[in-house]
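These notes concern the structure reproduced below.
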Amino acid sequence: MSNNPNTPVRLGLIGAGRWGRNYIKTIRALPTLRLSALASRNPASKDLVDSSCRVTPDWHELLDPQLVDGVIIATPPDLHVEMLEAAMRARLPAMIEKPLTLNLADAMKLESLQHEFNTLVLVDHTWLFNSAFIELNRQAQELGRIRAIHSESGNWGPFRDYTALWDWGPHDLSVTLTLMRQSPSTIRIEELKRQHVENTIAGNYQIELGFQNDVRVSIKLGNLFENKTVRLTVELERGTLLFDDLATDKLIQRDDKTGRTTTIKLDDKLPLTRAVETFVAGIRGGPTAYFGLNLAVEIARVLDHEANSGGEAHS
């Protein structure tokens, strides 16, 4: 693509479902971007985009470097392997929704292909782009060693054709593994509750991870919560950081000796806006710290233990 920063980056989008429509709104609001092509089998999707955007039911047609500078894959995860592999073979930068895959083997395959073709891939682990987590991660490095992490996320739904473990789990694991900067030495996953809802099997889960220096990470998640919950507590040597995405004050630092709390000011940029901006910056040759599939593979490694080891494993 052109090195001129005033030249719009041309993006292709595969999928115009709920999250795909969020991408359309986000791209439209950013003046340096242009949605050049949309792949959707719904004929009504043409009404979502500008007349200059090419709309096709065949996603393969988007994977053309003459048409787009990068592609966003906003489809169900069972389509991710085929679509991302095709994008990498076309040497196109790609941004893809979480979960990357629904098993470890597929995730490792994609990581191998990404190294082979040396393409830019960014997985949209949305919480990593939340201003509260970005600041929490920065401050955590100033408060000494992590002693423990507690994370809780869930809602009533959504109910999909894959489990809540793979739907909600990548959120919590993306931030906890980023904070820990290492792989867990022990993994235990327990199903707390199971219920048939809307022709799917819904459930709540508990994930317990052990790390070096006896650091413990506890995660509770699921789609059978009574109310939406997004909370993260990080206990450190010199204080505790509390993130609650639904609270008025989203990030608080607590002095554990005095009990005094301080509200931390944050910017109001939406996580998806920051994620798309990060993707585009990488396409333009900017920072690529968020790119790569290593984190997504580590997440799949944790979640895949439920299927492969009866819930508990030691690495």
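Inspection of the range 19-37 finds a residue satisfying the criterion of being touching a residue at least 60 places away in the same chain (Cβ under 8 Å), more than 16 Å from Glu97 (Cα to Cα), open to solvent by 60 Å² or more (accessible area, probe 1.4 Å) and assigned to a helix (DSSP H, G or I).
Within the range 139-159, residues that are open to solvent by less than 20 Å² (accessible area, probe 1.4 Å) reach partners that are among the acidic types (Asp, Glu) and at pLDDT below 95 with beta carbons closer than 9 Å, at six or more positions or on different chains, in the pairs Gly157/Glu198. Does the range 165-187 contain at least one residue that is closer than 19 Å to Asn223 by Cα, over 19 Å from the mean Cα position of the chain (by Cα) and part of a strand (DSSP E or B)? So far as the range 165-187 goes, no, none of its residues is closer than 19 Å to Asn223 by Cα, over 19 Å from the mean Cα position of the chain (by Cα) and part of a strand (DSSP E or B). Taking each residue of the range 190-212 that is more than 13 Å from Gly157 (Cβ to Cβ) and looking for partners that are open to solvent by less than 30 Å² (accessible area, probe 1.4 Å) and modelled with pLDDT under 95 with beta-carbon atoms closer than 8 Å, six or more apart or interchain, yields Glu190/Gly311; Glu191/Gly311. Applying the condition of being β-branched (Val, Ile, Thr) and open to solvent by 30 Å² or more (accessible area, probe 1.4 Å) to the range 185-206 and asking which residue is nearest to His150 (Cα to Cα) yields Thr186. When Leu266, Leu241 are checked against the criterion of being hydrophobic (A, V, I, L, M, F, W, C), open to solvent by 30 Å² or more (accessible area, probe 1.4 Å) and over 30 Å from Arg10 (Cβ atoms), Leu266 stands alone in meeting it. Candidates in the range 112-138 are the residues that are surrounded by fewer than 19 Cβ atoms within 10 Å (Cβ to Cβ) and among the charged types (D, E, K, R); of these, the one that is farthest from Leu241 (Cα to Cα) is Glu116. Given Thr240, Thr229, Thr261, which one is within 23 Å of the chain's Cα centre (by Cα) and of a type in the set (S, T, N, Q)? Of Thr240, Thr229, Thr261, the one residue that is within 23 Å of the chain's Cα centre (by Cα) and of a type in the set (S, T, N, Q) is Thr229.
The values are calculated or read from the model by the stated rules, or taken from the named source; none is laboratory data. This is a predicted model, so every value here is computed, not measured. In this analysis, Cβ positions are derived from the backbone assuming ideal geometry, glycine residues included, and neighbour counts consider all displayed protein chains. Just the protein is used for accessible areas: all its heavy atoms, side chains included, with ligands, DNA and RNA removed. Shrake-Rupley method; radii C 1.70, N 1.55, O 1.52, S 1.80 Å.
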